[in-house]
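Encoded as structure tokens, the structure appears first; notes follow it.
The values are calculated or read from the model by the stated rules, or taken from the named source; none is laboratory data. For clarity, every value in this text was computed on a predicted model and none was experimentally measured. Cβ placement follows ideal geometry from the backbone for every residue including glycine, while neighbour counts extend to all protein chains displayed.
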């Protein structure tokens, strides 16, 4: 998706649009997301059927349909991962493998600084476009898991078929220590690892951006917008309490609200609501200070 970066010579909220994620990356991403959801549901059904067959219908017919869907979507998942890996060589600088595989001291230093931010030892994340260095490092682990899931999936598929090209290419289950049971266990555990990653990836926080067209703000007056009865727009039919109430509501729920100035155009208000206990362990004042770029006090352990 498009990102934003400060313009040279500007401070505060001046931004420029940057095209980060190209269309093939977006399509592959959402196909992988869809595939993981379908594969998890059908895989859990095959492990422990949770839908009773209609009266008079044999259970094997339902199982055969679910297995067919699982295998078909497994092929789609494999192709989607392959497209994303191809785009790591053919894509732009943000999707390229050089931006994902840490090869320089700068990348390792960026990963360390992001880790400091995640562990509340830094008030603001280091600036980055695309994946930050720590996320890139983690995605290497995720895609290694994808490869393991694909290989174990085809091993199981070849073991079931016992004939044809799939069985020819993936008929070496007997070479795996523990045989088919080890392959099945790895396939099963990786499923839950991906589901856990998805939960963290989606629900660690909620960010909401709201943009207005108030014409921009004089330097240093952004905080005044949150004062009760403060109005800057020409239309003053309201009471000027909206932002004051919004800040109180957001901070009551452990979140922060901040503003970014767009000179000559307006403002962007960002609401950050934590949904993880770890993130919400910061007090409201500390989270607000972090959002404003002020130092957050930490205690020695």
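Values for this structure:
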| quantity | calculated |
| --- | --- |
| Options 95, 88, 144, 111; residue that is surrounded by fewer than 14 Cβ atoms within 10 Å (Cβ to Cβ), in the same structural domain as residue 18 (by TED's automatic domain parsing) and on the phi < 0 side of the Ramachandran plot | 144 |
| Residues (under 15 Å from residue 28 (Cβ atoms) and in contact (Cβ under 8 Å) with a residue 40 or more places away in the chain) located in segment 62-78 | 76, 77, 78 |
| Within segment 17-26, considering residues that are free of Cβ contacts under 8 Å to residues at least 40 places away in the same chain and either part of a helix (DSSP H, G or I) or not assigned by TED's automatic domain parsing to the domain that holds residue 93 (or both), the one farthest from residue 194 (Cα to Cα) | 23 |
| Check on residue 53, at pLDDT below 90 and under 20 Å from the mean Cα position of the chain (by Cα) | no |
| Among the residues listed as 116, 121, 103, the single one being free of Cβ contacts under 8 Å to residues at least 12 places away in the same chain and in a loop (DSSP other than H, G, I, E, B) | 103 |
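Residues checked against (1) at pLDDT 80 or above; (2) surrounded by 13 or more Cβ atoms within 10 Å (Cβ to Cβ):
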| residue | (1), (2) |
| --- | --- |
| 178 | yes, no |
| 186 | yes, yes |
| 199 | yes, no |
| 218 | no, no |
| 225 | no, yes |
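Results for (1) in the same structural domain as residue 195 (by TED's automatic domain parsing); (2) surrounded by fewer than 14 Cβ atoms within 10 Å (Cβ to Cβ); (3) at pLDDT 85 or above, shown as yes or no for each residue.
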site: 13; (1), (2), (3): yes, no, no
site: 36; (1), (2), (3): yes, no, yes
site: 64; (1), (2), (3): yes, yes, yes
site: 70; (1), (2), (3): yes, no, yes
site: 73; (1), (2), (3): yes, no, yes
